[in-house]
Amino acid sequence: MLLQLEINGIAHSNDEQNSLVLLKEKNGQRMFPVMTSRRRAMLLLARAGLHATLPAPPSVADICKQMMSHFDVNIRYVRLTTIHDGKCFCSVVGEHGGEDHVVNYCQASDGLIIAVTFNCPIVIDDALMDLQYMRSVGDSGFSMNINTLSRNMLSDALQHAIDIEDYETASALRDELRRRENDDDPKFRATLSSLLPTDGNDTTSDSQ
């Protein structure tokens, strides 16, 4: 079953480069996070009419809309499909001559801009929503799946888990960072190594 989502707002984090676009299910309370750049997040707010003081400058999506209107192409909906390594992806479904045409594996932030430009629905499969929606923690906090977070956010969470001696969480965060680690990025490797416990408190074995 597909659920329809609406852009609800954005949330900033300690990661200065990225923000979370918060999508709320229509006629429901669950929120689905999409990581994107802060510039793109603010553009989405402006285009969705949720930030009165920000202008909505023309974008590539506006150019595409004008071109598609000449060829009688209609964008039917944008469907969020998966999250991998902190990035959310989507499919854009269009219609021409009575036939549907699908562009897969688009970045979700691009798909959201298309959705607000063409004024078409944003949808998600109920199973994906149930797996990835943000859970409330306490009075004002929330938690998200590890695969939703950017590397910087994972590193911050790892440092916090180590500081409070939550080594089970630190182990899970470390494993996710290692899985994403790029061997060609020595700076990132050095940052990760500096955060790993070395005093015997590490609760996982290292086979390397």
**Message:** Consider region 78-126. How many of its residues are part of a helix (DSSP H, G or I) and of a type in the set (Phe, Trp, Tyr)?
**Reply:** 1
**Message:** Going through LEU23, LEU80, LEU45 one at a time, which residue ends up being at pLDDT below 85, surrounded by 12 or more Cβ atoms within 10 Å (Cβ to Cβ) and not assigned by TED's automatic domain parsing to the domain that holds ALA157?
**Reply:** LEU45
**Message:** With the structure loaded, tell me whether VAL137 is surrounded by fewer than 16 Cβ atoms within 10 Å (Cβ to Cβ), free of Cβ contacts under 8 Å to residues at least 12 places away in the same chain, β-branched (Val, Ile, Thr) and over 12 Å from ILE75 (Cα atoms) or whether it fails that test.
**Reply:** yes
**Message:** Residues to consider are ALA11, ALA52; find the one that is modelled with pLDDT of 85 or more, of a type outside the set (D, E, K, R) and farther than 21 Å from PRO121 by Cβ.
**Reply:** ALA11
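The values are calculated or read from the model by the stated rules, or taken from the named source; none is laboratory data. Since we're looking at a predicted model, the values are computed, not measured. In this analysis, Cβ positions are derived from the backbone assuming ideal geometry, glycine residues included, and neighbour counts consider all displayed protein chains.
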